[in-house]
Every structure is written in structure tokens, then in C-alpha cells.
Amino acid sequence: MSDSKPEDNRDMRASSANLRLAPAEIAETDLIIDGVSKRFNTREGTVTAVDGMSFSIERGEFVSIIGPSGCGKSTIFSILGGLVRSFDGRVTVNGEEISGPHPAIGMVFQEESTFPWRTVIDNVAFPLEVQGVAKAQRYEIARRFIDMVGLAGFEQRYPSELSGGMRQRVAIARTLVFEPKILLMDEPFAALDEQTRLLLGDKVLKIQQDLRQTTLLITHNITEAVQLSDRVIIMTFRPGRVKRIVDIRLPRPRHGDVVSSEAFGRYVAEIWSDLREEASRGMAETEAGARQSKA
């Protein structure tokens, strides 16, 4: 008899956008975003979160999106993951236009998403349990991904016995059991210290290279974006648009020690120059709005 609780089903969105295993026959996983715009109705009126976003990600590529607070990064993440269905423009996966969750896409969220009453192996195996996979088989699959994220030996531990970085690795492993061809991550390391970020970044890169996954990372951390990415998409302040795309020509396989290189520093400075301009504009508009509301 399953020990799953109602909370399990409510929180499953934090492990993947859907509860279907990715079909093995999906070979091409190019992701194309074409003229995507999203507007929200608020008490102050209509707000355009993103406006005409267009870019593509090739198979096996690691791309980061970075921009100032409020630029619509997480809106793009939610649209691609199928959590927001009403938008203008088109999103296609391997030539198939999508408007909701897709079996080729897995999602990792910023928020803590492990089930505290479940051990590591039961957390990771939970999506397979929902699918009705036999216990022995789901444990075998779960162990593979637990080992991949560097948690072998911790299978019977509970989340309360793990560090924040280890809990986030459990969440990543739980998404990977779907074997998604495309992995979306929304600031998954935001709550971690800088050292843990770098070490976990190494682990994520190794997994991405081993699985040949197309990966899109939403982040506000320039160091993280440069460390991990083949390309970095810089967004403007609201409404979010593509300001510039920077190719990161650093050698692979890439490890955390690359951050000390001169080339790495140049990329960080280049991206910060664009980001500072947009962040300053956002701060000025926010301050002007606050003054008007007080008047």
C-alpha cells in the first residue's frame, strides 16, 4: 500500500511539469521560443511581463537567462514548463508546438520541494510510484540518479538530516528519474552559499554532459551563468526582452576552477555592464513609482 499523502500530489509540480515518463523515441529536443509575450491584469492595470521574446536552444546546449528583478525570467520558465498556458507567440519542442506540460521537459524549482516524511530514495522514486512502477524497479532507477547527484549512501536519510545543497540534489534527482530531454531550472541554487553553488554547479555540469540534456537555467547570479553556460541571454527590465546573447567560449569539460581565469573575469564584466544598465533603469522606475504613490 502506498504511503503517499495528499501533499505529495500537490507538491509534484516541484518535481516535474507532468507525471509521464519521457518517451524514449524523442530524439531531437531543440527548444524554440518565437515572439513570446505575456501580459497580466493587475489592480494598477495591464502589466506586460515579457514582450516578443525569441531565442532557440540546440540539443545538448546549456543556456542561462539572466536579468534584473522583475524582468520576466520566471514567467518565461513557467510558460516553457506549461504552468502558464495563455500567452502570445509560439513555443516548440522538436518542431511540435506546445501550450502546456510536455513529456520531454522536466523542471527544478527554487523552493524547497522534498517531502520531509520520505527518505531520499522514496523522494526520488515518488514520480515512478505515481506511475505504478514496481518497487524494485523504481528503487533501481532511483539509485542510479541518487548516485549521479553524489548522494550514494544517503538513500535512507530524511531531508531533515541533509544540508540545503543535498536537499536540492534530491529534488534534481527526482526530476531526472523522468529522464527528460530538456531540463528547466529556476534559480535552484539561490538559497545556497557561494562555495556550495560552485561545487553543485560542477555536479550539474557533469550530469548535463553525461545525459546530453538540453538545459535552460534561470538565474540572477552572473558567476553561475558564466560557469555553466554555452550562452547567456541577458534580458531587459520590464517588459522583458532579449537585450543581448553572449557566447561563452570557455573550454569543456568545465569545472569550478574556471572562475579564477582571466577569460572568465572578462565574461563576468561584459555581462555585468549590460545587467547594471537594466538594473539601474529598473531601480529608477521603481523609485519614481513609489514617489508618485506617496504624492
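Bear in mind that the values in this text are calculations on the coordinates, not laboratory data. No experiment lies behind these values; they were computed from the predicted model shown. Positions of Cβ are backbone-derived with ideal geometry, glycine not excepted, and every protein chain shown enters the neighbour counts.
Derived scalar couplings between HN and Hα for the stretch 244-250 equal 6, 10, 9, 7, 9, 9, 10 Hz in order, rounded to whole Hz, by the Karplus curve 6.51 cos²θ - 1.76 cosθ + 1.60 (θ = phi - 60°), x for Gly and Pro. Kindly identify the stretch 148-244 as rounded, prolate or oblate by the Cα gyration tensor criterion: order the square roots of the eigenvalues as a ≥ b ≥ c, call it rounded if a/c is under 1.5, otherwise compare a/b with b/c, prolate if a/b is larger, else oblate. Cα axes put the stretch 148-244 in the prolate bin. Rounded to the nearest 500, what is the 222 nm mean residue ellipticity of the chain from helices alone, with -39500 (n - 2.57) per DSSP H run of 4+ residues and division by all residues? Result for the chain: -12000 deg cm²/dmol, rounded to the nearest 500. For residue 50, the residues whose modelled amide H falls within less than 5 Å of its own, excluding neighbours fewer than 5 places apart on the same chain, are 38, 240. In a simple Cβ point-charge model (Lys, Arg +1; Asp, Glu -1; nothing else charged), the chain has a dipole of about 340 debye relative to its Cα centre.
3J(HN,Hα) couplings calculated from phi for the stretch 235-242 with the Karplus curve 6.51 cos²θ - 1.76 cosθ + 1.60 (θ = phi - 60°) are, in sequence order, 9, 7, 5, 3, x, x, 10, 6 Hz; Gly and Pro show x. The H on the amide N of residue 108, modeled in the peptide plane, is under 5 Å from the matching H of 184, 185, 186, each at least 5 residues off or on a different chain. Helix 120-130 axis versus longest C-alpha principal axis of the chain: approximately 90°, rounded to the nearest ten. The antiparallel fraction among DSSP beta bridges confined to the stretch 88-242 stands at about 30%. Ranking 134, 220, 50 by how far each Cα lies toward the positive end of the dipole of the chain (charges on Cβ) leaves 50 at the top.
For the chain, the share of DSSP beta bridges that are antiparallel, to the nearest 5, is 55%. Note the listed values (1) 1.52; (2) 1.19; (3) 0.98, then indicate which one is Rg/Rh (Cα atoms, Kirkwood Rh) calculated from this particular structure. The calculated read-out lines up with (3).
A simple rule links phi to the HN-Hα coupling: the Karplus curve 6.51 cos²θ - 1.76 cosθ + 1.60 with θ = phi - 60°, which for the stretch 137-144 gives 5, 5, 5, 4, 5, 4, 4, 4 Hz, with x for Gly and Pro. Here the dipole of the stretch 25-104 is about 480 debye; that uses its Cα centre as origin and unit charges on the Cβ of Lys and Arg (positive) and Asp and Glu (negative). Computed from Cα positions, the angle between helix 194-211 and the longest principal axis of the chain comes to roughly 70 degrees.
Helix 164-176 and the long axis of the chain differ in direction by around 80°, with both axes built from C-alpha atoms.
If only the Cβ of Lys and Arg carry +1 and only the Cβ of Asp and Glu carry -1, the dipole of the stretch 132-189 around its Cα centre is close to 180 debye. Relative contact order, whole percent, for the stretch 159-295 stands at 19, derived from Cα pairs under 8 Å and 6 or more residues apart.
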